[in-house]
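Below: the structure, in structure tokens.
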Amino acid sequence: MKKKVIVSIFSGTTIILLLLFSNVLANNNRLIENQEIESETISEKPSIEPTHREEHQTNPTTHSNQQEEQHINSNKNSLLPKIPVFMYHHFDKNIQNGVIADPAIFEEQMRLLKENGYTTLTTQDVIDIKNGKLSMPQKPIMITIDDGYESNYTYVYPILKKFNMKATIFIITDYIENPQNHPSEYPKMNWEQIQEMSDSGLVLFQAHTDILHTKYSSLLKPMVVNGEVETYEQYEQRVFNDVVKCKNILESRLGKPVTAFSYPNGLYSSSSEEIIKKAGYEMTVVTEPGLLDLQKDDSLYLVKRINIHGKASADSILTKIAEMEAKERYKVID
């Protein structure tokens, strides 16, 4: 009786083991089949990818050039910093306001720029950089001064020499040619002073009209002449004659090309821009705040400037630059 029970138990156990083994074999076979299917699916992918690559490699030179151009443009963007353009006018030790600055503060401002690694550029330097004739410094800046007050010679010029820094002064030529016609408590420079500054290589003189600064609105559109409104042709000829005369006087007096024009009071129009371009100017500057970006198309026209208030502290100029750069970055991101 005991033998029968043992055999029965053994037989049952054997059956169970055989069933389990059979299930394992079945699962294993299914696993192998799945692996074979998956293997076949993976092996099909290379046959798809080469076709995809072929489409992009139909002109490998073009594709390579596009990548290289993108790389160059990326480097160009990173290598061309935007340029702060400072704007000043007159300097006086006793009076300071929006357009009259303390020469002692101006000296400290120039010292700070120098100590912080800024390189001063003239308008011609910027034009040459734009045209690939000069390299862009790491921290460029432009110092511009409008009108041509004698204080530019008395105060600014010695400071520029002291720090070996450059500036561009925009001149109203009739004020220099005929000072008797423009009486003012703030005298302008004379040609001897201008010539000395120009010969130093530190100061570049550019155009700020011949006579139209005193009638700046007439630079923008036709005006009333002898009781009648000018035709557009008359307006165009009048403005063209003025800006060409200013250019010719400066070039004949100083023997250097005049390529930049500063709008009186920063006022301009699309018509005045066309006339000034026609007269041979390669750059125009205005009074709207901003930075000069040489990577923009036609970026040398209507160049924005940062007005330095006459009562601004010396270190405020670094703050102004930082604020303007942050604003420009926000505009790009936005």
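Every number here is computed from the coordinates shown, using simple stated rules; none is lab data. Since the model is a prediction, treat every value here as computed from it, not as a measurement. Methodologically, a virtual Cβ is constructed for each residue, glycine included, from the backbone with ideal geometry; neighbour enumeration extends over all protein chains shown.
Could you grab the Rg to Rh ratio for the stretch 142-292? Cα atoms only, Kirkwood for Rh.
Result for the stretch 142-292 is an Rg/Rh of 0.98.
Computed over the alpha carbons of the stretch 116-158, Rg followed by Dmax gives 12.8, 35 Å. Ranking SER262, GLN96, ASN307 by how far each Cα lies toward the positive end of the dipole of the stretch 81-333 (charges on Cβ) leaves ASN307 at the top.
Over the C-alpha trace of the stretch 118-213, radius of gyration and Dmax come out as 14.3, 45 angstrom.
Pairs to check: LYS304/LYS327; LYS130/LYS245; LYS277/LYS304. Give those whose C-alpha atoms are more than 22 Å from each other in this structure.
On the way: LYS304/LYS327 14 Å; LYS130/LYS245 26 Å; LYS277/LYS304 17 Å.
Pairs exceeding 22 Å: LYS130/LYS245.
When the stretch 81-333 is described by a simple charge dipole with +1 on each Lys and Arg Cβ and -1 on each Asp and Glu Cβ, the residue from LEU220, ILE105, MET283 located farthest towards its positive end is ILE105. According to the Cα-based calculation, Rg over Rh for the stretch 81-333 is 0.96, with Rh computed by the Kirkwood formula. Applying 1/(1 + (r/R0)^6) with r as the Cβ-Cβ distance of GLN138 and ASP297 and R0 = 22 angstrom yields a FRET efficiency of 0.35.
Treating only the Cβ of Lys, Arg, Asp and Glu as charged (+1, +1, -1, -1), what charge dipole size does the stretch 81-333 show about its Cα centre? Round to the nearest 20 debye.
Details: 28 positive and 34 negative charges, 145 e Å.
The dipole magnitude comes to about 700 debye.
Between the alpha-carbon centres of the stretch 129-203 and the stretch 271-334 there is a gap of 19 Å.
In the structure displayed, which of LYS188/LYS256; LYS139/LYS188; LYS114/LYS256 lie more than 23 Å apart, Cα to Cα? Violating the 23 Å limit, Cα to Cα: LYS139/LYS188; LYS114/LYS256.
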